[in-house]
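Working notes, structure below.
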Amino acid sequence: MVAVLIARENLRMGKKRQLRAVDGHTVGAYEALPSEDPRGSIVVIQEIFGVNQHIKDVVDGYASDGYAAIAPQIFDRSKRDVELGYQPDDMAEGLRLAFNETSRDNALIDLQAATEEIGKYGRVGIVGYCYGGLLSWLSACSVRGLSAAVVYYGGGIAGELEGSPSCPVMMHFGELDSMIPMDQVDQIRQSLPDAEIYTYEADHGFNCDHRDSYNAEASALARKRTLAFLENFVSS
């Protein structure tokens, strides 16, 4: 595993940089640009584990597909440069940072800053995973300048349906995900008839190939659908 991680780091397309939010706060970010002119831009929102190896892989992947991509470090206001693994202690720390230490309003301010910065490369889509999936939905309702929003297994959305999205929305959920039961997904479908909502025979975190819950088939199908969605609404 160590050798794999070193190899991935050596193949990184992107680099760390700083963003400045409207309130003057600086937030770190990982940004990757395609080798040719971007076809559009993507804001990637982290899981509770920070902008770690997996999220950097996701950013690099979108850059490989022709998009300018950036992942702001949402936890920076309380703890900078968080990169957690997937052990119980990492999970506990990530949950603490996400739900006890990080203001939702501040997270959305920083996502607005990332949207405005990456938007210089074209229309902007936002894609969030887990905790970031919830923030992607909230961004669709409040962040200015978005052309599309994609949610991967965002918990808590069923309790946050009073907002109205200002852009097209796509969502992916795992049918085996005990944290987001299917009755909640049904509730989301009923409330958002215009959203594209898909389920997969997979567990929470099925897109992350660093986790035991990774499901290659579900991940590939969700990615295919996401790229087609972005092609329709974000690509120039």
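Table for the structure above
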| quantity | calculated |
| --- | --- |
| Cleavage-rule hits (chymotrypsin sites (Phe, Trp or Tyr not before Pro)) in the stretch 31-70: DSSP loop, at most 14 neighbouring Cβ within 10 angstrom | none |
| The chain - mean residue ellipticity at 222 nm from DSSP helices (-39,500 (n - 2.57) per run, n ≥ 4, rounded to 500) | -11000 deg cm²/dmol |
| In the stretch 116-180, trypsin sites (Lys or Arg not before Pro) in a DSSP loop with at most 16 other beta-carbon atoms within 10 Å | R144 |
| Relative contact order computed over the chain (Cα-Cα under 8 Å; 6+ residues apart), in percent | 16 |
| Spatially proximal aspartates and glutamates relative to K15 (Cα-Cα < 14 Å; intrachain offsets below 8 disregarded) | E31, D57, D60, D81 |
| Max mean-square fluctuation residue, GNM over the chain, Cα-Cα springs under 10 Å, options G159, G85, G119 | G159 |
| Within a Gaussian network of the chain (alpha carbon springs, distance under 10 Å), most fluctuating of A216, A148, A32 | A216 |
| For the stretch 175-236: relative contact order, % (alpha-carbon pairs under 8 angstrom, 6 or more apart) | 24 |
| Spin-label model distance (nm) - E175 vs F99, 7 Å beyond Cα toward Cβ | 2.7 |
| Length added when fully stretched, K79-K224, from 0.36 nm per residue minus Cα-Cα | 48.8 nm |
| Loop-located GluC sites (Glu not before Pro) in the stretch 196-232, at most 13 other Cβ atoms within 10 Å (DSSP) | E201 |
| Three-way shape label, the chain, alpha-carbon gyration tensor, a/c 1.5 | rounded |
| Extended-chain gain in nm, criterion 0.36 nm per residue less alpha-carbon gap, S64 and A158 | 30.5 nm |
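Just so you know, all these numbers are worked out from the coordinates, no wet-lab data involved. Quick caveat: nothing in here was measured; it's all calculated off a predicted structure. In this analysis, Cβ positions are derived from the backbone assuming ideal geometry, glycine residues included, and neighbour counts consider all displayed protein chains.
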